[in-house]
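Written below as structure tokens is the structure these notes are about.
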Amino acid sequence: MSSPTIIAEPRLPVAAEPTSKRLPNSVLAMIIFIATEVMFFAALMSAHTIARATVLGGVWPPAGQPRLPVERTAINTAILLLSGILLWIGNRRIRADRSSALRYLVAAITAGTAFVLLQGVEWVALLREGLTMTSSNHGAFFYLIVGTHALHAVVAIVALTWVYFLMRRGTLALPTFTATQVFWYFVVILWPIIYLRVYL
């Protein structure tokens with residue numbers, strides 16, 4: 001009588017996690033952090049709105065200051081939103097097909113990096129046109145709000161890159177991936193609000 005054939009289970013692309021309905025500590029901590037960041041950005045944009053509403057002559061941007069590149073930034077906004085969609089698709093495929101999930105994660109990182117680089121190009125052009133932190137309230141608020149968001153984007157891209165290498169090794173813990181996703185979705189969703197309030 002032949003012995004039964006043993007079929008090995010496929011290796012998951014993430015480290016095994018105990019089944020629990022409790023919200024993981026890393027995800028909870030990220031949500032609390034984002035809540036504080038929401039209040040921070042709300043304060044910045046509220047101050048910007050007041051400064052814009054009370055500017056002398058009612059003209060914004062002030063005379064002698066360059067107009068922000070609304071059209072080019074709209075394209076850049078679409079690139080960042082695409083990054084969020086790509087990450088969401090990668091998350092949906094992580095258990096069924098690790099190689100596919102990795103490709104979508106790389107695409108999300110690439111799109112996010114392109115967003116930051118294009119913002120850098122935009123900043124260089126605006127600086128050459130005379131828009132600086134000290135040229136006006138317009139410049140001060142622009143670089144403060146947009147620059148702070150860019151800093152968050154860079155940190156999130158670094159975190160996503162770290163997640164990518166963990167996923168490749170098969171040692172990625174699901175709570176770590178979830179917390180990183182939450183942070184990136186915050187960066188992605190926040191930007192259209194900044195675009196509408198600062199650029200338009």
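If you go through the stretch 128-141 and pick out every residue that is crowded, with 19+ Cβ neighbours inside 10 Å and not polar (S, T, N, Q), you end up with 4. State all residues of the stretch 157-173 that are open to solvent by less than 30 Å² (accessible area, probe 1.4 Å) and either under 20 Å from GLY64 (Cα atoms) or assigned to a loop (DSSP other than H, G, I, E, B) (or both); if no residue qualifies, say none. Selection gives GLY170 alone. Among the conditions (1) surrounded by fewer than 17 Cβ atoms within 10 Å (Cβ to Cβ); (2) within 17 Å of PHE177 (Cα to Cα), ALA125 misses just one, which is (2).
Scanning the stretch 138-156 finds no residues that are out of contact with any helix residue (DSSP H, G or I) (no Cβ under 7 Å at 6 or more places or on another chain) and not in a helix (DSSP H, G or I). Screening ILE109 against (1) buried (at least 20 other Cβ atoms within 10 Å of the Cβ); (2) β-branched (Val, Ile, Thr); (3) under 19 Å from PHE41 (Cβ atoms) leaves a single unmet condition, (3). Do we have ARG95 as over 30 Å from HIS138 (Cβ atoms) and either touching a Cys at 6+ places or on another chain (Cβ under 8 Å) or touching a residue at least 60 places away in the same chain (Cβ under 8 Å) (or both) here? So ARG95 fits the description; yes. With the structure loaded, tell me whether GLU9 is open to solvent by 50 Å² or more (accessible area, probe 1.4 Å), modelled with pLDDT under 85, part of a loop (DSSP other than H, G, I, E, B) and in contact with a helix residue (DSSP H, G or I) (Cβ under 7 Å, 6 or more places away or on another chain) or whether it fails that test. Against the criterion (open to solvent by 50 Å² or more (accessible area, probe 1.4 Å), modelled with pLDDT under 85, part of a loop (DSSP other than H, G, I, E, B) and in contact with a helix residue (DSSP H, G or I) (Cβ under 7 Å, 6 or more places away or on another chain)), GLU9 does not qualify.
Close contacts from the stretch 44-60, counting a first residue that is at pLDDT 85 or above and a second that is in a helix (DSSP H, G or I) and open to solvent by 70 Å² or more (accessible area, probe 1.4 Å), with Cβ to Cβ under 6 Å and a gap of 6+ residues or different chains, come to MET45/ARG197; ALA51/ASN137; TRP60/ARG52.
Of the residues that sit in the stretch 180-200 and are of a type outside the set (A, V, I, L, M) and within 15 Å of PHE33 (Cα to Cα), which one is most open to solvent (accessible area, probe 1.4 Å)? Within the stretch 180-200, the match that is most open to solvent (accessible area, probe 1.4 Å) is TYR185.
The single condition among (1) out of contact with any Lys or Arg (no Cβ under 8 Å at 6 or more places or on another chain); (2) more than 30 Å from PRO69 (Cβ to Cβ); (3) touching a residue at least 12 places away in the same chain (Cβ under 8 Å); (4) exposed (fewer than 14 other Cβ atoms within 10 Å of the Cβ) that PHE177 does not satisfy is (4).
Of the residues examined, LEU144 is not one that is touching a residue at least 60 places away in the same chain (Cβ under 8 Å) and either open to solvent by less than 10 Å² (accessible area, probe 1.4 Å) or acidic (Asp, Glu) (or both).
The values are calculated or read from the model by the stated rules, or taken from the named source; none is laboratory data. Just so we're clear, the structure is a prediction, and the values are computed from it rather than from any experiment. Note: ideal-geometry Cβ built from the backbone for every residue, glycine included; neighbour counts use all protein chains shown. Heavy atoms of the whole protein, side chains included, go into the accessibility calculation; ligands, DNA and RNA do not. Shrake-Rupley method; radii C 1.70, N 1.55, O 1.52, S 1.80 Å.
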